[in-house]
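Participant: Let me give you the structure first, and then I'll get to my questions.
The values are calculated or read from the model by the stated rules, or taken from the named source; none is laboratory data. All values derive from a computational prediction rather than experimental measurement. Glycine also receives a Cβ, built like all others from the backbone with ideal geometry; neighbour counts cover every protein chain displayed. Surface accessibility is based on the protein's heavy atoms, side chains included, excluding ligands, DNA and RNA. Shrake-Rupley method; radii C 1.70, N 1.55, O 1.52, S 1.80 Å.
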Amino acid sequence: MLAVVFPGQGAQEVGMSADFADRFPEAQAVLNAADDAFEGPLSSWIREGPEERLRQTEVTQPAVLAASLAIYRVLESRLPVTPAFFAGHSLGEYTALVAAGGLSVEDAVRLVRRRGALMQEAVPEGEGAMVAVLGLAAEEVDRVCDETPGAYPANYNAASQTIVAGERKAVEGAAERLRQAGARRIIPLEVSAPFHCPLMAPARDK
């Protein structure tokens, strides 16, 4: 059995999927459809940046979705078996729905653009932050967050990798306490809002 898993926000990079679009018409077709649905030069930002633009949530989410699907459309016909499962991390759930045939590229781009705009409205850019905490048990991360108002455990990615999100100053304070508690690494995530935490409640409601 084969499962295909798609990435979420934070995986973006200027130039992602460009080599596929240059070589394979099916990849370029996805990016063209995404441009039409986005009603803007999404594929140009994917290919050329600027990086600051690509980090804006309203752009990042449709960009990662489009780039992921462009790559998948090339791989799809070359897989040894038909995938039995499609999944995705956060934003990647929408990409998985398209890959599985449950949603069109155009509808998915429009949905995640709106999703990204609502998430950014919930916490203005610069006021929130996310970090990956490596090499520390989730229980210890929970404890530090409990003692740091405004910082929240957001994703339990593995036994020793937890994402913390929240108000920027609170996350920075929690990161320092987590270092002192023995975290091997603290990695700031390239996102413009603190996802998967209570600060996203206004976006959830809308």
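Participant: For the chain, what proportion of DSSP beta bridges, expressed in % and rounded to the nearest 5, is antiparallel?
Facilitator: Working: 17 of 21 bridges.
Antiparallel bridges make up about 80 percent of those DSSP assigns within the chain.
Participant: Between 104, 90, 77, which gets the highest mean-square fluctuation from a Gaussian network model of the chain, Cα cutoff 10 Å?
Facilitator: 77
Participant: Also: Give me the Kirkwood hydrodynamic radius of the stretch 136-206, using the inverse of the mean 1/r over all pairs of distinct Cα atoms, in Å to one decimal.
Facilitator: For the stretch 136-206, inverting the mean 1/r across all distinct Cα pairs yields 12.3 Å.
Participant: Next question. Ignoring ligands, DNA and RNA, what accessible area per residue does the stretch 93-142 give at 1.4 Å, in Å²?
Facilitator: Ligands and nucleic acids excluded, the figure is 43 Å² per residue.
Participant: Which residue, 172, 39, 190, has the most motion in a Gaussian network model of the chain that connects Cα atoms within less than 10 Å?
Facilitator: 39
Participant: Right, something else. Taking all protein chains as present, what is the carbon and sulfur share of the accessible area of the chain, in % to the nearest whole number, probe 1.4 Å?
Facilitator: Carbon-and-sulfur percentage of accessible area, whole number: 50.
Participant: Take the alpha-carbon centre of the stretch 88-138, take the same for the stretch 141-206, and report the distance between them in whole Å.
Facilitator: Centre-to-centre (Cα) distance: 16 Å.
Participant: May I pose another question? Treating only the Cβ atoms of Lys and Arg (+1) and Asp and Glu (-1) as charged, compute the dipole magnitude of the chain about its Cα centre; round to the nearest 20 debye. Provide the component values of the computation, followed by the final result.
Facilitator: Values: 19 positive and 28 negative charges, 62 e Å.
For the chain, the charge dipole is close to 300 debye.
Participant: Taking the Cα atoms of the stretch 16-113 alone, what are Rg (to one decimal) and Dmax (as a whole number) in Å?
Facilitator: Cα-based Rg and Dmax for the stretch 16-113 come out at 12.6, 39 Å.
Participant: Step through the residues of the stretch 23-38 one at a time and calculate ³J(HN,Hα) from phi using the Karplus curve (6.51 cos²θ - 1.76 cosθ + 1.60, θ = phi - 60°), rounding each to whole Hz and writing x for Gly and Pro.
Facilitator: Each residue of the stretch 23-38 in turn: 9, 10, x, 5, 6, 5, 4, 5, 5, 5, 5, 5, 4, 4, 6, 6 Hz.
Participant: Ok, one more. Which number do you get for Rg(Cα) / (2.2 N^0.38 Å) in the chain?
Facilitator: 1.07
Participant: Here's something else I'd like to know. Quick one: among 57, 95, 162, which has the greatest mean-square fluctuation in a GNM of the chain with alpha-carbon springs under 10 angstrom?
Facilitator: 162
Participant: Please state the relative contact order of the chain as a whole percent: Cα pairs under 8 Å, 6+ residues apart?
Facilitator: Relative contact order, the chain: 23 percent.
Participant: On to the next question. Keeping all protein chains in position, work out how much accessible area residue 2 exposes to a 1.4 Å probe, and write it in Å² to the nearest 10.
Facilitator: Counting only protein heavy atoms, the figure is 50 Å².
Participant: Based on the Cα coordinates of the stretch 17-66, what is the per residue volume of their convex hull in Å³?
Facilitator: Roughly 60 Å³ of hull volume per residue.
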